[in-house]
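Notes follow once the structure below has been shown.
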Amino acid sequence: MVAAVVDAQLDALEASLLNTSGNVPLHDRFRSLFTLKSFKNEDAVRIIGKGFADDSALLKHELAYCLGQMGQPSALPILNAVLENMSEDPMVRHEAAEAMGALSAQSAIPVLKAHLNDPNRSVRETCEIALAKIEWDASDEGQRVRRTREDPESIPTYTSIDPAPATSTLLASKAPADTSDVAIAGLRAALLNTELPLFERYRAMFALRDIGTPAAVDALASGFMDDSALFKHEIAFVFGQLLSAHSVPALIKVLEDAREEEMVRHEAAEALGGIGTPEVRPHLEEWLRREDAPRVVRESCQVALDMWEYENSDQFQYANGLEGAKTVEVAS
């Protein structure tokens, strides 16, 4: 009986995610996706993999992200195929590479190395970071951190598998050991130092996230001056995790900059939706309606407005795709 109910739930989520009826709004498809992510099994991986036939780069980008967060090795062939598909949107290919780094399988190393010379800069940079993460995960430090996080009594502030760990001095405890202005200035210097490997700059980025003070937010926002779209999009993603109202002005500026790369503006929109403060909504509504907005920006604003509604509601959780999908009643 239990297995039959789970199968019925998966069928309903599949129909919603893949929009088999042709009338499922994109934001509901996102909720179904994140509900499937929570299953963390091969059936969910299989269903999510089918979604790459869609024509929405935004949706496919999120599919790849979720596959990387689920910890299922069966996702690797799907992600490998996406990365190697040169006709796929670079935003999707980049996320596939990042997801391979999140899964941290040694078998992913050859294909990631092969794309260190990819024609697209964001893909090249993502492969560089993913390879460094796999190497770090296998290091003594990485293994120590993994054991700490597997401790049932360890409750991390952020449950995501990040593309890089926080700077070493901030890994040992639940709260950052040093949140002083001097420490933040040092991390800001590392964040902005283009002479450092991207992996090390990312480590400073996630250390600043873990500090999370207004001064740390300001330091992160300074990274929007960088010339790497990948780097800037990750800063916007981090702001979406922090949910600090202090980051709203910087994110609105990114969203409204028509010269900015689409992948950066998309991530800024979703971060704003998650923060969910009143001044955010009109900006999201404007860029949802604007005909001159790129499709990925419009779609991101649609999803972000749904996130805004969630943040300002009494809904128990965002990943409630089973409520929106029509489930099949199974008789006992």
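The mean sequence distance of close C-alpha pairs (under 8 Å, at least 6 residues apart), as a share of the length of region 1-138, puts its relative contact order at 17 percent. Shown are Asp218, Asp227, whose ranking by accessible area with a 1.4 Å probe and every protein chain present, most to least, is Asp227, Asp218.
The eigenvalues of the Cα gyration tensor, multiplied by 5 and square-rooted, give region 1-138 an equivalent ellipsoid with semi-axes of 28, 17, 10 Å from largest to smallest.
Below 8 Å, C-alpha to C-alpha, sequence gap of six or more: please give me the relative contact order for the chain in percent.
Here the relative contact order equals 17 percent.
With the simple model of a label 7 Å out from the Cα in the direction of the Cβ, Asp140 to Asp178 spans 2.2 nm. If you average the sequence gap of Cα pairs under 8 Å that are 6 or more apart and divide by the length of region 212-263, what percent do you get for the contact order? That works out to 40 percent. For the chain, the mean residue ellipticity at 222 nm estimated from helices alone is -19500 deg cm²/dmol, where every DSSP H run of n ≥ 4 contributes -39500 (n - 2.57) and the total is divided by all residues, rounded to the nearest 500.
Stretched out straight at 0.36 nm per residue, the stretch from Lys50 to Ala81 would grow longer than its current Cα-Cα span by 9.9 nm. Using a Förster radius of 35 Å, what is the FRET efficiency between Asn193 and Thr277 based on their Cβ-Cβ separation? Nearest 0.05, please. Once the sixth-power term is evaluated, E becomes 0.65. The stretch between Lys40 and Asp218, if pulled fully straight at 0.36 nm per residue, gains 60.5 nm over its current Cα-Cα span. Out of all Cα-Cα pairs in region 231-279, roughly what percent, to the nearest whole number, are more than 17 Å apart? Percent of Cα pairs beyond 17 Å in region 231-279: 19. Loop-resident GluC sites (Glu not before Pro) (DSSP state other than H, G, I, E or B) in region 94-135 with no more than 16 further Cβ atoms inside 10 Å of their Cβ are absent.
What the Kirkwood sum gives for the chain is a hydrodynamic radius of 20.5 Å, with every pair of different alpha carbons counted.
The values are calculated or read from the model by the stated rules, or taken from the named source; none is laboratory data. Keep in mind that what you see is a predicted model, and the values were worked out from it rather than measured. Here the Cβ is made from the backbone with ideal geometry for all residues, glycine too, and neighbour counts use every protein chain on show. Areas reflect the complete protein model, heavy atoms only, side chains present, ligands, DNA and RNA absent. Shrake-Rupley method; radii C 1.70, N 1.55, O 1.52, S 1.80 Å.
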